[in-house]
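Student: Take this structure, written in structure tokens, and hold onto it; I'll ask about it next.
The values are calculated or read from the model by the stated rules, or taken from the named source; none is laboratory data. Just so it is clear, the structure is predicted and the values come from calculations on it, not from any experiment. For neighbour counting, all protein chains shown are included, and Cβ atoms are generated from backbone atoms with ideal geometry for every residue, glycine included.
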Amino acid sequence: MAYLDTINRVWDTVRTSMGNIMNDTAVDLWFGGLSVTSFDGNTIVFDTDEEMKVNIINEKYRSEIERRFTENLGFPVTVEMHFTGTPVSGASMARALRGITPPEEKKPEQEKTGIGSTIPPFNFDYTFDNFIVGSSNKFAHAACVAVADRPAMDFNPLFIYGPSGIGKTHLLYAITNEMKKKKHDISVIYIKGEDFTNQMIESLSRQAMKEFRDRYRLCDILMIDDIQFIAGKVATQEEFFHTFNALFEDSKQIILTSDRPPREIKTLEDRLKTRFEWGLIADIQPPDLELRVAIIKKKADQAHIEIPEEVLYYLAENLRSNIRQLEGAIRKMSARHYINGEEIGMDMARSCITELLGGAEPVSTTVEKIFAAVYRKYGIKKEELIGTKRNKEIAQARHITIYLIRDITEMSFPNIGKIFDRDHTTVMASIDAINKKINATPSLRLDIDSIIKEIKES
């Protein structure tokens with residue numbers, strides 16, 4: 001089918017997200033090598049000649065796969081596993097299963113205990129278990145898990161960068177909470193870059209630099225959030241340079257976060273930039289649509305409110321910058337529901353988004369800008385793009401418009417279909433058609449890139 005490529009790209013995302021509930025070995029064992037072989041708009045079919053894989057997926061994972069496909073696509077689907085090989089006997093299956101250890105499911109963490117002398121006290125609610133993983137943060141999450149498992153062994157320092165409000169601090173807390181389970185008396189210091197400077201100035205004024213240096217150079221783990229704030233501060237950089245060296249030489253773990261990679265921190269000394277790059281640099285990007293949907297559902301469950309699916313996707317499509325926006329929307333809706341008795345619906349969602357975004361642009365405005373940009377580029381008006389004419393020029397421009405709306409706004413397939421009065425499978429087919437033409441036609445790639453640049457800069 002024309003949209004099979006799109007479904008398989010969604011399957012890549014779903015398969016990756018299954019790593020939230022099972023380990024990587026199990027993901028590779030049961031889902032490795034699987035691809036969607038057919039899709040009729042309602043049923044997703046996988047063909048495989050491995051009977052055990054069919055049985056395990058049907059028994060343990062099919063309903064979860066269906067749920068994740070539905071979240072990402074924006075409409076309900078069912079999954080069918082088709083066995084294409086020769087059936088094996090029950091005895092043969094039993095013998096095969098005896099040679100395989102069942103994949104280990106991730107278990108909730110034990111209740112945390114006290115944490116000793118961290119600065120400030122850590123938030124025990126932030127763990128790896130409740131960090132929602134998606135394609136935008138998977139690498140940083142995996143790096144943090146590795147550091148928590150083997151501090152100062154593989155990735156030292158660990159440098160995590162990305163915009164504000166997308167989970168960097170959550171990961172720092174999660175590392176500490178995980179390590180505290182294994183070694184209760186481990187010494188962990190967490191501090192903001194700006195506070196590090198302020199404490200150093202205060203220590204200088206009190207002539208207490210030995211106390212300051214001992215605090216930061218004798219710990220087991222040093223975490224500095226927003227390290228970019230020490231840039232341009234000569235004395236602070238000098239002090240941190242020696243602190244870094246002392247910890248590194250003593251095989252102590254250093255973890256730093258920033259809003260940008262080391263090389264892009266202006267007025268940061270080169271010797272510090274070089275040291276920050278000695279270990280591993282991991283970035284976190286703003287959450288994609290699937291991750292935003294998962295976060296909203298999780299936060300709504302925690303707030304004990306039910307959000308209709310239409311509202312859920314409206315929030316996810318309009319609040320794209322960071323996780324704090326999503327949390328803010330849920331808090332506002334929960335308060336209005338419980339305090340004022342308001343019904344949770346589209347009117348409340350629109351009102352909350354207006355309050356949260358202020359002058360920021362809603363998705364509907366972005367869509368109109370896309371229609372206008374396509375008109376300027378190809379001379380085809382919105383009425384023709386959403387109409388029924390199928391001549392070559394209009395059909396091509398329509399496909400491009402659909403592709404751009406999905407790429408720029410991450411709007412769900414069904415909601416894009418509503419704009420054009422078409423079903424979601426037609427939308428998916430249009431996107432697949434443009435993806436194939438982009439690879440074969442460099443001029444089309446340039447056209448689309450120029451429109452995307454124009455929209456994002458407008």
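Student: Looking at HIS141, is it out of contact with any helix residue (DSSP H, G or I) (no Cβ under 6 Å at 6 or more places or on another chain), loosely packed, with under 15 Cβ neighbours inside 10 Å and at pLDDT 85 or above? Spell out how you get there, then give the answer.
Tutor: Numbers: out of contact with any helix residue (DSSP H, G or I) (no Cβ under 6 Å at 6 or more places or on another chain): yes; loosely packed, with under 15 Cβ neighbours inside 10 Å: no; at pLDDT 85 or above: yes.
Spelling it out, it is not the case that HIS141 is out of contact with any helix residue (DSSP H, G or I) (no Cβ under 6 Å at 6 or more places or on another chain), loosely packed, with under 15 Cβ neighbours inside 10 Å and at pLDDT 85 or above.
Student: Applying the selection to the stretch 403-426, what residues are of a type in the set (A, V, I, L, M) and in contact (Cβ under 8 Å) with a residue 40 or more places away in the chain?
Tutor: LEU404, ILE408, MET411, ILE419
Student: Which one of these does ASN322 not meet: (1) in contact with a His (Cβ under 7 Å, 6 or more places away or on another chain); (2) touching a residue at least 60 places away in the same chain (Cβ under 8 Å)?
Tutor: Tallying (1) in contact with a His (Cβ under 7 Å, 6 or more places away or on another chain); (2) touching a residue at least 60 places away in the same chain (Cβ under 8 Å), ASN322 fails exactly one: (1).
Student: Restricting the stretch 198-242 to residues that are hydroxyl-bearing (Ser, Thr, Tyr) and surrounded by 19 or more Cβ atoms within 10 Å (Cβ to Cβ), which is nearest to LEU171 (Cα to Cα)? I'd like the intermediate steps shown before the answer.
Tutor: The initial filter retains those residues of the stretch 198-242 that are hydroxyl-bearing (Ser, Thr, Tyr), namely 203, 205, 216, 236.
Pick out the ones that are also surrounded by 19 or more Cβ atoms within 10 Å (Cβ to Cβ) and you get 216, 236.
Values: TYR216: 21, THR236: 25 Å.
Here the residue is TYR216.
Student: Out of the residues in the stretch 372-419 meeting the condition of being within 15 Å of GLU317 (Cα to Cα) and hydroxyl-bearing (Ser, Thr, Tyr), tell me which one is surrounded by the fewest Cβ atoms within 10 Å (Cβ to Cβ).
Tutor: Result: THR409.
Student: Next up: For the stretch 146-157, check the following and say yes or no: at least one residue is within 17 Å of ARG292 (Cα to Cα), surrounded by 15 or more Cβ atoms within 10 Å (Cβ to Cβ), at pLDDT 90 or above and under 20 Å from the mean Cα position of the chain (by Cα).
Tutor: Scanning the stretch 146-157, I find no residue that is within 17 Å of ARG292 (Cα to Cα), surrounded by 15 or more Cβ atoms within 10 Å (Cβ to Cβ), at pLDDT 90 or above and under 20 Å from the mean Cα position of the chain (by Cα), so the answer is no.
Student: Inspect all residues belonging to the stretch 221-235 and state whether any of them is within 32 Å of the chain's Cα centre (by Cα) and at pLDDT below 90.
Tutor: Yes, the stretch 221-235 contains a residue that is within 32 Å of the chain's Cα centre (by Cα) and at pLDDT below 90.
Student: May I pose another question? Could you give every pair whose Cβ atoms fall below 7 Å, whose first residue belongs to the stretch 362-389 and is assigned by the TED database to the domain that holds TYR314 and modelled with pLDDT of 90 or more, and whose second residue is of a type outside the set (Gly, Ala, Ser) and not in a loop (DSSP other than H, G, I, E, B), counting only separations of at least 6 or pairs across chains?
Tutor: The qualifying pairs do not exist here.
Student: Checking the structure you have, find out if any residue of the stretch 250-262 is surrounded by fewer than 21 Cβ atoms within 10 Å (Cβ to Cβ), over 19 Å from THR169 (Cβ atoms), at pLDDT below 90 and of a type in the set (D, E, K, R).
Tutor: So far as the stretch 250-262 goes, no, none of its residues is surrounded by fewer than 21 Cβ atoms within 10 Å (Cβ to Cβ), over 19 Å from THR169 (Cβ atoms), at pLDDT below 90 and of a type in the set (D, E, K, R).
Student: From the list SER443, SER364, which residue is surrounded by fewer than 16 Cβ atoms within 10 Å (Cβ to Cβ) and over 25 Å from GLY74 (Cβ atoms)?
Tutor: The unique qualifying residue is SER443.
Student: Looking at (1) out of contact with any Cys (no Cβ under 6 Å at 6 or more places or on another chain); (2) in a helix (DSSP H, G or I); (3) surrounded by 15 or more Cβ atoms within 10 Å (Cβ to Cβ), which one does ILE132 not meet, given that it meets all the others?
Tutor: Exception for ILE132: condition (2).
Student: Let me ask something else about it. Does ARG398 count as outside any helix (DSSP H, G or I), among the charged types (D, E, K, R) and touching a helix residue (DSSP H, G or I) at 6+ places or on another chain (Cβ under 9 Å)?
Tutor: No; evaluated as a whole, the condition is false for this residue.
Student: Taking only the stretch 226-269 into account, find how many residues are closer than 22 Å to GLY165 by Cα and among the acidic types (Asp, Glu).
Tutor: Matching residues across the stretch 226-269 total 3.
Student: A further question on this structure: Could we say that GLY19 is in a loop (DSSP other than H, G, I, E, B) and small (Gly, Ala, Ser) here?
Tutor: Answer is no for this residue.
Student: Criterion first (at pLDDT 80 or above and not assigned by the TED database to the domain that holds LYS138) does ILE21 satisfy it?
Tutor: No, not satisfied.
Student: Shifting gears a bit: Being of a type in the set (A, V, I, L, M) and more than 23 Å from MET411 (Cβ to Cβ) is the filter here, so list the residues in the stretch 288-309 that pass it.
Tutor: Once the filter is applied, which keeps residues that are of a type in the set (A, V, I, L, M) and more than 23 Å from MET411 (Cβ to Cβ), the stretch 288-309 yields ALA303, ILE305.
Student: Can you pull out the residues in the stretch 261-281 that are within 24 Å of ALA148 (Cβ to Cβ) and not in a helix (DSSP H, G or I)?
Tutor: Start the filter on the stretch 261-281 by keeping residues that are within 24 Å of ALA148 (Cβ to Cβ), which leaves 261-262, 275-281.
Residues satisfying the conditions are PRO261, GLU277, TRP278, GLY279, LEU280, ILE281.
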